[in-house]
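The values are calculated or read from the model by the stated rules, or taken from the named source; none is laboratory data. Fair warning: this is a prediction, and the values are worked out from it, not measured in the lab. Glycine gets a Cβ as well: all are built from the backbone with ideal geometry, and neighbour counts include every protein chain shown.
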């Protein structure tokens, strides 16, 4: 989601002028990553993920005029994703639960349903293990995986220190490895 | 190169283990529909109009103080009452009476709904600061902008937006309450700060500024005891009542109390907090009781996941 190429910067500028087609291009460029993060964050709940993705882009589109420079834009977008997920998680605390691997196998794009069953089962296990992590460990892992952010960029998105990010990632990866090991048995 | 500029390891997940999922087309359709939706036109029958007009100047700009003729202006739309103004400029006041409500569009970062019997003034509007004064009454702000860009001054605090939606009300003395519905707000006053997350309230008082934040679903005895504490109640049973009633989520309140009680009581607060939630790695008892800023910040960041 890092905004670096001149074309994307131009799109942001057009968005700031109110160009709806530019909004659409921006949405197209980022929608799948944002949706994937929200979907895995919300345990494969499509309705919750769709709602969160919509909220992220509505906030972004409505307020794009306040963006100043590319770094601020990418930071802002990551923060929107994190805040929207965490707000949703807080509102639905009772629904915070690890999902079933079989249920999570259905998250993948329908196009992948024809793929090898073993691979789908592996994917289901990884998703289930991820889903069982607490939100504070789940989110940094998703940001790293889908957005390939640095420690410093994640710290900005999560509003904590880079050291805290490193500690959470370390803890999350350890737990994930343990859970994957259990699920493989 | 700073080590934190590096990308962390990906961990035990391999590329392809988490497939990128295509966002359903319905999301964009829904976004478009929302963007195209226009505010519902208000019914303005003749009688209603006459009635509204009779309450003359229900909403009005009281005076103009702007030093520059080109002072930035924010759009004002009337939600209820008499449509007598359509914008507010820097230095101007907007006032509603008992039957009027208005919506201010805050530059390009959000909206502020002005409730009845409210008086607000636009103090600044620039790329680095958008600032209102709420002299009395109630406003609801929905702002999506970088942190600390939107500020509301009241007689007993400044509400600093950290990316959020909230309601704040105050009387002319400064007594009032903040309720955050999304994100975070920092209430600041004379070096005093209360950090208020979504779902939490914080009272403000004249002379003492922001009180201690608490979740709206905290028990009534806790809220009553906290009100007594914020009013200057120092009886032992006041703090005891707060500690007894506190749940895991109420560590929000306890974290703020750490720096607001004397050293003896700080130990009691600390011990109750660690009973509720284990102390995270990197935060020691000694540092917490010494109110080491980095340790308290780190502790708050960990606790915030429980809020």
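Computed quantities for the displayed model
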{"item": "Which numbered condition residue A:146 misses (of (1) in contact (Cβ under 8 Å) with a residue 60 or more places away in the chain; (2) under 21 Å from residue A:77 (Cα atoms); (3) more than 8 Å from chain B (Cβ to nearest Cβ))", "result": "(3)"}
{"item": "Tally of residues being modelled with pLDDT under 90 and part of a strand (DSSP E or B) across the range B:130-147", "result": "1"}
{"item": "Residue among B:165, B:159 that is assigned to a strand (DSSP E or B) and more than 14 Å from every other protein chain (Cβ to nearest Cβ)", "result": "B:159"}
{"item": "Selected residue (criterion: surrounded by the most Cβ atoms within 10 Å (Cβ to Cβ)) from residues of the range A:121-143 that are farther than 16 Å from residue A:33 by Cα and at the interface with chain B (Cβ under 8 Å from one of its Cβ atoms)", "result": "A:130"}
